[in-house]
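Each remark here refers to the structure printed beneath this line.
The values are calculated or read from the model by the stated rules, or taken from the named source; none is laboratory data. This structure is a prediction, so every number in the text was calculated from the model and none was measured. We place every Cβ from the backbone using ideal geometry, glycine too, and count neighbours over all the protein chains shown. When the accessible area is computed, the model is the full protein with side chains, heavy atoms only, and any ligands, DNA or RNA have been set aside. Shrake-Rupley method; radii C 1.70, N 1.55, O 1.52, S 1.80 Å.
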Amino acid sequence: MKRTLGLLGPLLLAALALAQAPAPLSPAEKEEAAKIYFDRCAGCHGVLRKGATGPALDPKKMAEKGVEYLKAVIFGGLPGGMPDWGRQGILKEKDIELLARFLLEQPPSPPVPTFEEIRKTWKVHVPPEKRPTKPLHNRNWQNFFGQVLRDTGQVAIIDGDKKELVTIVPTGFATHILRSSATGRYFMAIGRDGKASLIDLWMNPPQVVAESKPCLDARSIESSKFKGYEDKYAVVGCYWPPTMVVLDGLTLEPLGRVRIYV
Ligand code: HEC
């Protein structure tokens, strides 16, 4: 009897652990979790969870910490800069539970768009030859400010002389930063979703004249400022796929892509 129990003991424990382990995510749940993760977490922890400003979230390490710990951290945050998603009411309990289970599994690899697919995202709303040859308003456009309205995916243009709001232009999901072109005539915006927008400050009111989406996750854009190359090119720094994409400075046409690593 004693011997049988000796064998049964570890078996029972293993069965108990299995019963407590959260169920693997269904394909639909995985898709949902990946979307929330991409929107809310990838910016700090990386699309592939390898860490950025937040630590790497390795599935093995996450499993050791356990699903209850993960739920508590996602709900209440951590002092070192992890937001309290649940307490702030941004994520619901079911989202938190889903994310906690998602972190136990291997991260799905996001798709890598081909260069041809990237080129198809390119749209010119007003071609360079149809743009004004002088400003269509009397404001001092050289003293315009651009203010990123991140959560609404917009950019506010402000007249620095008059301290007036000139206009608000749509630029896309979670607009990240703005850069002024070399001549100062254009503002370039890049969204966290990789969408680049070119805003012509000479239009009345200023508006987006071209756009393209060189990647799925980006953080930076810059225009060429070297003498002889003013406003000729723009370059976008992408997190996913880890690339730099060179665009035409006046139309945002994708011209080339450099892989950084994969
Ligand atoms: C603003 C940046 C930021 C965002 C966005 C963010 N985190 Fe964090 N996260 C951090 C930082 C920084 C830490 C480390 C904090 C500390 O140790 O005090 C952390 C820690 C964690 C930990 C604990 C890791 C460990 O080893 O104990 C988990 C789990 C986690 N984050 C999950 C998430 C999830 C899930 C999301 C999305 C809902 C998310 N984080 C969004 C910055 C962020």
Lone unmet requirement of (1) under 23 Å from the mean Cα position of the chain (by Cα); (2) within 13 Å of the ligand (Cβ to nearest atom) for Ala72: (1)
Selection from region 27-37 of residues that are more than 8 Å from the ligand (Cβ to nearest atom) and open to solvent by 20 Å² or more (accessible area, probe 1.4 Å): Pro27, Ala28, Glu29, Lys30, Glu31, Glu32, Ala34, Lys35
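How many residues does region 165-178 hold that are open to solvent by less than 80 Å² (accessible area, probe 1.4 Å) and within 16 Å of Asn204 (Cα to Cα)?
Of all residues in region 165-178, those open to solvent by less than 80 Å² (accessible area, probe 1.4 Å) come to 166-169, 171-172, 174-178.
Adding the requirement that they be within 16 Å of Asn204 (Cα to Cα) leaves 166-169.
Of the residues in that region, 4 qualify.
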Quick one: count up the residues across region 114-140 that are farther than 20 Å from Asp39 by Cβ, β-branched (Val, Ile, Thr) and surrounded by 12 or more Cβ atoms within 10 Å (Cβ to Cβ). 3
Of all residues in region 141-153, which are open to solvent by 60 Å² or more (accessible area, probe 1.4 Å) and among the polar types (S, T, N, Q)? Gln142, Gln147, Thr152
Going through region 224-262 one residue at a time, which ones are of a type in the set (Gly, Ala, Ser), outside any loop (DSSP other than H, G, I, E, B) and open to solvent by 10 Å² or more (accessible area, probe 1.4 Å)? Gly237, Gly256
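Can you tell me which residue is nearest to the ligand (Cβ to nearest atom) among those in region 97-113 that are under 14 Å from Asp39 (Cβ atoms) and modelled with pLDDT of 95 or more? Can you show your working first?
So the first thing to find is which residues in region 97-113 are under 14 Å from Asp39 (Cβ atoms), and the list is 98-99, 102, 110.
Filter once more, keeping what is modelled with pLDDT of 95 or more: 98-99, 102.
Details: Leu98: 10, Leu99: 5, Phe102: 8 Å.
Looking at the filtered set, the residue picked out is Leu99.
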By my count, helices (runs of 4 or more DSSP H) wholly in region 38-110 with at least 3 residues that are open to solvent by 50 Å² or more (accessible area, probe 1.4 Å) and not hydroxyl-bearing (Ser, Thr, Tyr) are 59-65, 67-76, 93-102
